[in-house]
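Student: I have a structure I would like to understand better, so I am pasting it below and will then ask my questions one at a time.
The values are calculated or read from the model by the stated rules, or taken from the named source; none is laboratory data. Bear in mind that the values here come from a model prediction, so they are computed numbers and not experimental data. Using ideal geometry, Cβ is built from the backbone for each residue, glycine included, and neighbour counts are taken over all protein chains shown. When the accessible area is computed, the model is the full protein with side chains, heavy atoms only, and any ligands, DNA or RNA have been set aside. Shrake-Rupley method; radii C 1.70, N 1.55, O 1.52, S 1.80 Å.
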There are 2 protein chains.
Amino acid sequence: MAFPTHVRLVEVGPRDGLQNEPEPIGTATKLELIDRLGAAGISYIEAASFVSPKWVPQMADHREVMKNLARRDGITYAALTPNLKGLEAALECGVEEVAVFGAASEAFSQKNINCSVAESLARFEPVLERAKAAGVRVRGYVSTVLGCPYEGEIAPAKVAEVSKALYEMGCYEISLGDTIGTGTPLKAKRMIEAVSRDIPIAKLAAHFHDTYGQALANLYAVLEEGIAVVDSSVAGLGGCPYAKGASGNVASEDVVYLLNGLGIETGIDLDALADTGTWITQAISRPNRSKAGVALAAR
Amino acid sequence: MAFPTHVRLVEVGPRDGLQNEPEPIGTATKLELIDRLGAAGISYIEAASFVSPKWVPQMADHREVMKNLARRDGITYAALTPNLKGLEAALECGVEEVAVFGAASEAFSQKNINCSVAESLARFEPVLERAKAAGVRVRGYVSTVLGCPYEGEIAPAKVAEVSKALYEMGCYEISLGDTIGTGTPLKAKRMIEAVSRDIPIAKLAAHFHDTYGQALANLYAVLEEGIAVVDSSVAGLGGCPYAKGASGNVASEDVVYLLNGLGIETGIDLDALADTGTWITQAISRPNRSKAGVALAAR
């Protein structure tokens, strides 16, 4: 057991959290959300996704968002760029860091991005090369690391294999996603142990979903393993596209509350973060899925 | 680290979960809830509270509930009996086991049951004596073990002191309640360590609330300490009377999902439990606060 002394939160609310919202959300609302998150002390914000609006209409204003960010010192504003075209567009908008996403499940890769895992990795190579030439770091996501809606169980060795490929390709950090939230703590520990045989644990992030209410227990278990980067979404924005009405991303407020209790520094003002969660859920008429956020607002 | 191989769930939904519901819930609905919980494999159900209907009107039908239970073999149907009058009434109804409740916080004791902690303990003595004479076991609750809405932090030594008093008075099991859900895993571990210096860990139960989303992480942490009895409420029934709209009791479905993932036996059929959560929340028009329950119902 070796808890980190400091954890970096990667706030994915503006991208992962909003991308499946059916009603269009104004660019101004997105920009205010990003600004409030930065003001609350979040140091890394995934702000947009440079994908085709055909696939993700909610992210169609990615250029406007990236160009009009009120950038604050010390904050990384990143974007998802699944292909070269997306990357070029993101670079034009002055993006500082980008991300690509692969899957640990063949079936999920086929259904989600319409190609095999190997094909998806091959597609990322030119993205990694171009980003490197532009001096932009690339983060790698691996999805379905603790279960797949189509395949069920996923072997830790498969997660390790895909993670290693992305890391060796040049991704500086690998974010391990429990996309459907079916993981439990020992399974999460075993997966982290498998992946960290090839990649230093300081280069791994936990991206856990709370669909079955397990996210915080799983995070606690992998913090014990030394994980020091956690992806989360303010107010638990996002839901789960595989189970209607169910939860998706773990809520940032709940994660910060946990870390505060463990004496782990984050640099984040929990009250300001909770206020942001209250504000955005009211602005887009969504339930606040952060239990800590709801409790803090009700005090 | 020494996980138990088997955990006993104490289902508090019919009592703790329903007692603060403002609209009267029919006795037939309560009886059906208890019966469905038993059918799902729950072996211990807190079925009613023998308190004055002046204080808890929702539990006014405690006699009808206790008398008309469709008792199943191997299931303990218990009742809360804060005083001798309540105990006598419960005994008349054929109760098999009862519970008393104290607090680890002086301020909470004063505001909640209008007497000091010492006075509350003194009041329980005749209850314990009478129960012993009747051959009925008594469970002891200690509330506010990880924080108090009035005092804030609670010293683990204070929790240990009150727990020890109840144990020495004859309570066969002490249920440690994080009444306002403010605990986090290391704090929970330290509290359990303090209490288990005086009381064997097999005689302790974790009664955690999910108000800040921490309950499952806290449970995981104390399972690591060897805790093998967990109190929970189907569908997370109950809410938090100290923060309107916030969560209260941890949901039984989420706990069972966690335990299943850890390979810890419970004897409970998770699907049947989740169906019960869906049914009762629809029957009383309440949100289902079990994330696993919602996800399972949405599959």
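Student: Is it fair to say A:S196 is of a type in the set (S, T, Y) and either modelled with pLDDT under 95 or surrounded by fewer than 24 Cβ atoms within 10 Å (Cβ to Cβ) (or both)?
Tutor: Values: of a type in the set (S, T, Y): yes; either modelled with pLDDT under 95 or surrounded by fewer than 24 Cβ atoms within 10 Å (Cβ to Cβ) (or both): yes.
Here the answer is yes, as A:S196 does meet what is asked.
Student: Assess whether B:V162 counts as being under 19 Å from B:A107 (Cβ atoms) and assigned to a helix (DSSP H, G or I).
Tutor: yes
Student: Looking at A:A202, A:A251, A:A206, A:A221, which one is under 20 Å from A:Y44 (Cα atoms), within 9 Å of another protein chain (Cβ to nearest Cβ) and out of contact with any His (no Cβ under 6 Å at 6 or more places or on another chain)?
Tutor: Numbers: A:A202 fails: within 9 Å of another protein chain (Cβ to nearest Cβ); A:A206 fails: within 9 Å of another protein chain (Cβ to nearest Cβ); A:A221 fails: under 20 Å from A:Y44 (Cα atoms).
Testing whether each residue is under 20 Å from A:Y44 (Cα atoms), within 9 Å of another protein chain (Cβ to nearest Cβ) and out of contact with any His (no Cβ under 6 Å at 6 or more places or on another chain) leaves just A:A251.
Student: Scan (1) more than 26 Å from B:E11 (Cβ to Cβ); (2) without any contact (Cβ under 8 Å) to a residue 40 or more places away in the chain; (3) surrounded by 14 or more Cβ atoms within 10 Å (Cβ to Cβ) for the single condition B:A89 breaks and write down its number.
Tutor: (1)
Student: Continuing with this model, one more query. What is the one condition in (1) in contact with a Pro (Cβ under 7 Å, 6 or more places away or on another chain); (2) within 18 Å of B:V10 (Cα to Cα) that B:V51 does not satisfy?
Tutor: Looking at each condition in turn, B:V51 falls short on (2).
Student: Quick check, is B:A221 modelled with pLDDT of 95 or more and either over 14 Å from the mean Cα position of the chain (by Cα) or open to solvent by less than 20 Å² (accessible area, probe 1.4 Å) (or both)? So that I can check it myself, show each step before the final result.
Tutor: Working: modelled with pLDDT of 95 or more: yes; either over 14 Å from the mean Cα position of the chain (by Cα) or open to solvent by less than 20 Å² (accessible area, probe 1.4 Å) (or both): yes.
Yes; evaluated as a whole, the condition is true for this residue.
Student: Conditions first: (1) crowded, with 20+ Cβ neighbours inside 10 Å; (2) more than 20 Å from the chain's Cα centre (by Cα); (3) away from chain A (no Cβ under 11 Å). B:G261 passes all but one, so which condition is the exception?
Tutor: Of everything listed in (1) crowded, with 20+ Cβ neighbours inside 10 Å; (2) more than 20 Å from the chain's Cα centre (by Cα); (3) away from chain A (no Cβ under 11 Å), B:G261 misses just condition (3).
Student: Let me ask you something else. Pick out, from segment B:47-132, the helices (runs of 4 or more DSSP H) lying fully within it that include 2 or more residues that are touching a Lys or Arg at 6+ places or on another chain (Cβ under 8 Å).
Tutor: Numbers: elements: B:62-68, B:84-92, B:106-113.
Qualifying helices (runs of 4 or more DSSP H): B:84-92.
Student: Kindly provide the set of residues from segment A:187-199 that are touching a helix residue (DSSP H, G or I) at 6+ places or on another chain (Cβ under 7 Å) and either within 14 Å of chain B (Cβ to nearest Cβ) or farther than 23 Å from B:P185 by Cα (or both), ordered by number. Steps first, answer last, please.
Tutor: Going residue by residue through segment A:187-199, those that are touching a helix residue (DSSP H, G or I) at 6+ places or on another chain (Cβ under 7 Å) are A:187-192, A:194-195, A:197-199.
Of everything in segment A:187-199, those that are touching a helix residue (DSSP H, G or I) at 6+ places or on another chain (Cβ under 7 Å) and either within 14 Å of chain B (Cβ to nearest Cβ) or farther than 23 Å from B:P185 by Cα (or both) turn out to be A:K187, A:A188, A:K189, A:R190, A:M191, A:A194, A:V195, A:R197, A:D198, A:I199.
Student: Are any of the residues in segment B:30-41 more than 23 Å from B:V230 (Cα to Cα), touching a residue at least 12 places away in the same chain (Cβ under 8 Å) and part of a loop (DSSP other than H, G, I, E, B)? Steps first, please.
Tutor: Restricting attention to segment B:30-41, the residues satisfying the condition of being more than 23 Å from B:V230 (Cα to Cα) are none.
The answer is no, given that none of the residues of segment B:30-41 is more than 23 Å from B:V230 (Cα to Cα), touching a residue at least 12 places away in the same chain (Cβ under 8 Å) and part of a loop (DSSP other than H, G, I, E, B).
Student: Let me ask something else about it. Can you name the condition, by its number, that B:V98 falls short on among (1) under 30 Å from B:S247 (Cα atoms); (2) open to solvent by 50 Å² or more (accessible area, probe 1.4 Å)?
Tutor: With (1) under 30 Å from B:S247 (Cα atoms); (2) open to solvent by 50 Å² or more (accessible area, probe 1.4 Å) applied to B:V98, the lone miss is (2).
Student: Exactly one condition in (1) closer than 16 Å to B:V142 by Cα; (2) touching a Gly at 6+ places or on another chain (Cβ under 8 Å); (3) open to solvent by 10 Å² or more (accessible area, probe 1.4 Å); (4) away from chain A (no Cβ under 13 Å) is false for B:T182; which is it?
Tutor: It fails just one condition, (4).
Student: Out of segment A:8-37, which residues are among the small types (G, A, S) and more than 12 Å from A:D61 (Cβ to Cβ)?
Tutor: If we filter segment A:8-37 for residues that are among the small types (G, A, S), which is where we start, we get A:13, A:17, A:26, A:28.
Selection gives A:G13, A:G17.
Student: I'd like the residue in segment B:101-160 that is open to solvent by 20 Å² or more (accessible area, probe 1.4 Å) and among the aromatic types (F, W, Y) and, out of all such residues, is farthest from the chain's Cα centre (by Cα).
Tutor: Looking at residues that are open to solvent by 20 Å² or more (accessible area, probe 1.4 Å) and among the aromatic types (F, W, Y), I get B:Y150.
Student: Also: Quick one: is A:I227 more than 8 Å from chain B (Cβ to nearest Cβ), in contact with a strand residue (DSSP E or B) (Cβ under 7 Å, 6 or more places away or on another chain), closer than 23 Å to A:I75 by Cβ and not small (G, A, S)? Reasoning before the result, please.
Tutor: Working: more than 8 Å from chain B (Cβ to nearest Cβ): yes; in contact with a strand residue (DSSP E or B) (Cβ under 7 Å, 6 or more places away or on another chain): yes; closer than 23 Å to A:I75 by Cβ: yes; not small (G, A, S): yes.
For A:I227, the condition - more than 8 Å from chain B (Cβ to nearest Cβ), in contact with a strand residue (DSSP E or B) (Cβ under 7 Å, 6 or more places away or on another chain), closer than 23 Å to A:I75 by Cβ and not small (G, A, S) - is met.
Student: Across segment A:271-299, what is the total count of residues that are open to solvent by 20 Å² or more (accessible area, probe 1.4 Å), within 10 Å of chain B (Cβ to nearest Cβ) and not charged (D, E, K, R)? Lay out the reasoning, then the answer.
Tutor: Initially, segment A:271-299 is screened for residues open to solvent by 20 Å² or more (accessible area, probe 1.4 Å), giving A:271-272, A:275, A:278-279, A:282-289, A:291, A:294, A:296-299.
Now narrow it down to the ones that are within 10 Å of chain B (Cβ to nearest Cβ): A:287-289, A:291, A:294, A:296-299.
So of that shortlist, the ones also not charged (D, E, K, R) come out as A:287-288, A:294, A:296-298.
So the answer is 6.
Student: Another one. Tell me, which helices (runs of 4 or more DSSP H) wholly within segment A:184-299 include 1 or more residues that are polar (S, T, N, Q)? Steps first, answer last, please.
Tutor: Numbers: elements: A:185-195, A:215-224, A:252-261, A:270-283, A:291-298.
By residue number, A:215-224, A:252-261, A:270-283.
Student: Among residues belonging to segment A:165-183 that are of a type in the set (A, V, I, L, M, F, W, C) and part of a strand (DSSP E or B), point out the one that is farthest from A:D210 (Cα to Cα). Give the steps one after another, and end with the answer.
Tutor: Here is the first cut: in segment A:165-183, the ones of a type in the set (A, V, I, L, M, F, W, C) are A:165-166, A:169, A:171, A:174, A:176, A:180.
Now restrict to residues that are part of a strand (DSSP E or B): A:174, A:176.
Details: A:I174: 20, A:L176: 14 Å.
Among those that are of a type in the set (A, V, I, L, M, F, W, C) and part of a strand (DSSP E or B), it is A:I174.
Student: Could you list, in sequence order, the residues of segment B:93-119 that are within 20 Å of B:I180 (Cβ to Cβ) and in contact with a Pro (Cβ under 8 Å, 6 or more places away or on another chain)?
Tutor: Those that are within 20 Å of B:I180 (Cβ to Cβ) and in contact with a Pro (Cβ under 8 Å, 6 or more places away or on another chain): B:F101, B:F108, B:I113.
Student: Sort out which residues of segment B:72-86 are within 20 Å of the chain's Cα centre (by Cα) and free of Cβ contacts under 8 Å to residues at least 60 places away in the same chain, and write them in order of number.
Tutor: Initially, segment B:72-86 is screened for residues within 20 Å of the chain's Cα centre (by Cα), giving B:74-83, B:86.
Listed by number, the residues that qualify are B:G74, B:I75, B:T76, B:Y77, B:T81, B:P82, B:N83, B:G86.
Student: Let me ask something else about it. Looking only at segment A:161-179, count how many residues are open to solvent by 10 Å² or more (accessible area, probe 1.4 Å) and among the polar types (S, T, N, Q). Spell out how you get there, then give the answer.
Tutor: We begin by selecting, within segment A:161-179, every residue open to solvent by 10 Å² or more (accessible area, probe 1.4 Å); these are A:161, A:164-165, A:167-170, A:172, A:179.
Adding the requirement that they be among the polar types (S, T, N, Q) leaves A:179.
Final tally of qualifying residues: 1.
Student: What pairs can you find where one residue is in segment A:104-132 and in contact (Cβ under 8 Å) with a residue 40 or more places away in the chain and basic (K, R), the other is open to solvent by less than 80 Å² (accessible area, probe 1.4 Å) and in a loop (DSSP other than H, G, I, E, B), and their Cβ atoms are less than 7 Å apart, with a gap of 6+ or different chains?
Tutor: If the second residue must be open to solvent by less than 80 Å² (accessible area, probe 1.4 Å) and in a loop (DSSP other than H, G, I, E, B), the pairs left are A:R123/A:N83.
Student: Can you give me the number of residues within segment B:70-86 that are open to solvent by less than 20 Å² (accessible area, probe 1.4 Å) and in contact with a Leu (Cβ under 8 Å, 6 or more places away or on another chain)?
Tutor: 3
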